[in-house]
Amino acid sequence: MDIFLGVIVGLLVLMFLVTAHEFGHFLAARRNGVNVLEFGIGFPPRAIAWIKDPKTGKWRRLPKKEWKKDGMAKVVYSNGEKSELTQDGMIFSLNWLPIGGFCQMDGESAADKRKGTFGAANFWSKTKILFAGVTMNWLVAFIIFTILAWTGMPKFLDNQFSLPNDTRINKEPVQVINVAEGSPASEAGFKNDDLIVAVNGEKIAYADDIISYNEAHAGEEVTYTIKRLETVCMNQPDCYQEPCPCLEEGEEWTEREITAKLNPSESEYLLGVSMASSQALSYSTWSAPIVGAGITLQLTGETFKGVGVMLWNLISGIGSQFSPDASVRESGQESISAVGDSVSGPVGIIGVLFPAFTSAGPANLAFLAALISVSLACMNVLPIPALDGGRWLLIAIYKIRKKELTKEVEEKIVSRAFMVLLAMIFIVTILDIIRIAN
């Protein structure tokens, strides 16, 4: 049931994010004099549609009998005259496939010079239209992160951006779920279900904080403040005998300090405990918009960095396969495998990530939505001809060369790039299915 709910939520969130991206194109096109033929939520087949009468400016339901097979419509205007949909008319549609949205502009080829078409717009207008979608995705992420900063921001990044003088963290104890036999923790007296609340007197909120602190103090003695649920006498708190000799007994949390000498840094483990951290949320007030902008920029940088590392691993991994050295080839295969492990496609996002984040709570789900929105923005900026950044680069190159970008050349370049993109999505989808099956 959780997986089913997660998939439904995932589809809705992705449709919202893609529709927001297309809405950015829509707004920019309208503001720059480019006519929009149709704005759709979801992908065809069409479920229902309305059309704006270019003569009266009023919206009316578009009957199915007026739909064409290709999705375009014949328009019956208020004076009863029939004509094909013109550049002044616009359809708004809801479609059956909940996998995104689209904004169909008039004359999307750069070679189309009819008035009101995308091709007839000047270079600056085309730039604004093409990058309006990614701007909208960044804006959506900023808004979500700002709301989370105010209502409770989960932590998913090391050194996640915040303003310390306006950040409050609801510090929750870190629970010990397993103590390794013969470890420093075992010898110091740690027990399962102990709650670690401080390290050397410093309050902590995350298991990662304890791990980082231990790594910085390997081989040293460290004092941990813990809470332990114990059976105590209601009228004699210092009595811990079992069975309790008193008439009444109960349970309460007692706090104590435990000092452990950590293992050296080269050891298998330093302290020897497995921990489960209940998620701590950070809260901001006046700085919430600043935190929202900061995390959006931070995630944008991390995304571009991740893409760069992935491309480097892929290129170097493939290149190493031509080496006569077996160890070099093996290292290259590991780099290529790392690329596959670091990429997730639609199946992985909807079938794995969203169910996990949905069950983890609304704050985690909202963070994932904002993260995907940032990823959509970053991916569409890349110079891939089938995407916004690539289309802009293609137009810019031909403008610099002062040559006309013909419809045939543009379609050939974009279609081939799109086929490569589809092939990559197919491969990633297969990898996702294999990972889920295993």
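A short reminder: the numbers here are calculations on the coordinates, not readings from a lab. Since we're looking at a predicted model, the values are computed, not measured. Positions of Cβ are generated from backbone atoms using ideal geometry, with glycine treated the same way; all protein chains shown enter the neighbour counts.
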Most exposed first by the Cβ proxy, i.e. fewest other Cβ within 10 Å, how do K191, K402 rank? K402, K191
Whole-Hz Karplus ³J(HN,Hα) for the stretch 329-334, in order, using 6.51 cos²θ - 1.76 cosθ + 1.60 and θ = phi - 60°, x for Gly and Pro? 5, 5, 5, x, 5, 5
Considering only Cα-Cα distances, which of the following residue pairs are longer than 31 Å: K126/K305; K64/K128; K227/K261; K305/K403? K64/K128; K305/K403
Karplus (6.51, -1.76, 1.60) ³J(HN,Hα), θ = phi - 60°, over the stretch 26-43, in Hz, Gly and Pro reported as x: 4, 4, 5, 5, 5, 6, 10, x, 9, 6, 9, 7, 8, 10, x, 9, x, 10
The rounded separation in angstrom of the Cα centers of the stretch 198-212 and the stretch 375-398 is 44 Å
